[in-house]
Structure formats: C-alpha cells, structure tokens
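Trainee: Just passing along the structure, written as structure tokens.
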C-alpha cells in the first residue's frame, strides 16, 4: 500500500521526478505514480486525489510546470497534505509554476518546494510520514547527520 502518491502533470515530467523516486526508495517508502493533467484529465485527477486516503496514501506530491494548477486541484479534493513541486518549463523558467503553487487561496494549503525541488519534496514527505513512524524518523535523523558530515 503506497504511503505517498506522486501525481505528475505530464509524461515529460518523469525525468525530473527520478531523484524524488530514488529518495523514497532509499528510505523504504512505498509510493505510486500517476500521470494526470489537471486540465486534460480533470475527472481522473480529482479521483486520484479523492481516493488517495481510502487507499492508504498519507501524503501527495503533485509535480507540474507552467501554470501548475495540478497541486491546487489535488488539494481541493483531499484532506491529505499536498506538496507541490513547480518545474521550469515554458518561457518564465518556472516562476509561473512557483507562484501558482505558493499563492493558494486561504483554506486550500499546498506546501511548495523550490523550482525543480523534487528531492526536497521527497524529504518533506518523509518528514511528514516520520511523525508517526519512529523507524523512519531514525533513518531521517541519520540522513541529516550524513549531510552535516559532508
């Protein structure tokens, strides 16, 4: 049963998500991955968000470029934490995606990492999961120590 659901707005986002998937695997966190556009497949996207909780998912990571409506659309359909990852695509270098995710209206929060920040999205998801998992928390603690050691 996946603890994290990854939703990508486009197949072209798959390469950017490799570091995210690698970190989740490194920490032993089960995840599933779906490509579902908020604009081209709105019903499918809403269903992925609505069904996530009953499927055992505890955190959703939504990855999108350009106007990046995907994280907000997902957050509107679930009570689970949603982490938005803006990607650099189009002429604005990801600024449009960053602002679309960071400027959510009150009542529909989405955590936002840096443009292209898929590794930080994975780590934030791990931190959230570690709140209720001591073994995962200790793995994360060791990871943090390894960062300090260089």
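Every read-out reported here was derived from the displayed coordinates using simple, explicitly stated rules and does not represent laboratory data. What you are looking at is a predicted structure, and each value in this text was computed from that prediction instead of being measured. Glycine gets a Cβ as well: all are built from the backbone with ideal geometry, and neighbour counts include every protein chain shown.
Trainee: In nm, to one decimal, how far is the modelled label at residue 43 from the one at residue 135, with both set 7 Å along Cα→Cβ?
Mentor: A separation of 4.1 nm, rounded to one decimal place.
Trainee: Taking 7 Å along the Cα-to-C-beta vector as the label spot, tell me the residue 12-residue 54 distance in nanometres, rounded to one decimal.
Mentor: Once both label points are built, they end up 3.5 nm from each other.
Trainee: Compare the peptides 69-81, 135-147, 41-53 by average per-residue count of other Cβ atoms within 10 angstrom and give them in order, highest first.
Mentor: Those peptides, ordered most packed to least, come out 69-81, 41-53, 135-147.
Trainee: Could I ask something else about it? Given a Förster distance of 41 Å, report the FRET efficiency between residue 25 and residue 148 from their Cβ-Cβ distance, rounded to the nearest 0.05. Walk me through the numbers on the way to the answer.
Mentor: On the way: r = 23 Å, r/R0 = 0.56.
Using R0 = 41 Å, I get an efficiency of 0.95.
Trainee: Take the alpha-carbon centre of segment 103-120, take the same for segment 48-78, and report the distance between them in whole Å.
Mentor: Each part reduced to its Cα centre gives a spacing of 11 Å.
Trainee: Which value at 222 nm does the chain reach when only helices count, each DSSP H run of 4 or more adding -39,500 (n - 2.57), with the total divided by all residues and rounded to the nearest 500 deg cm²/dmol? Write out the running numbers ahead of the final one.
Mentor: Working: 6 runs with 63 residues, N = 150.
Only helices count here, giving -12500 deg cm²/dmol.
Trainee: Still on this structure, please answer the following. For a quick check, take a GNM of the chain with Cα springs below 10 Å and name the residue from 130, 122, 97 with the largest mean-square fluctuation.
Mentor: So, out of 130, 122, 97, the one fluctuating most is 130.
Trainee: Pop a pseudo-label 7 angstrom from the Cα along the beta-carbon direction at both residue 92 and residue 34 and give the gap in nm to one decimal.
Mentor: Placing both labels 7 Å beyond Cα along the Cβ direction yields 2.6 nm.
Trainee: Which shape class applies to segment 1-58: rounded if a/c is under 1.5, otherwise prolate when a/b exceeds b/c and oblate if not, where a ≥ b ≥ c are the square roots of the Cα gyration tensor eigenvalues?
Mentor: oblate
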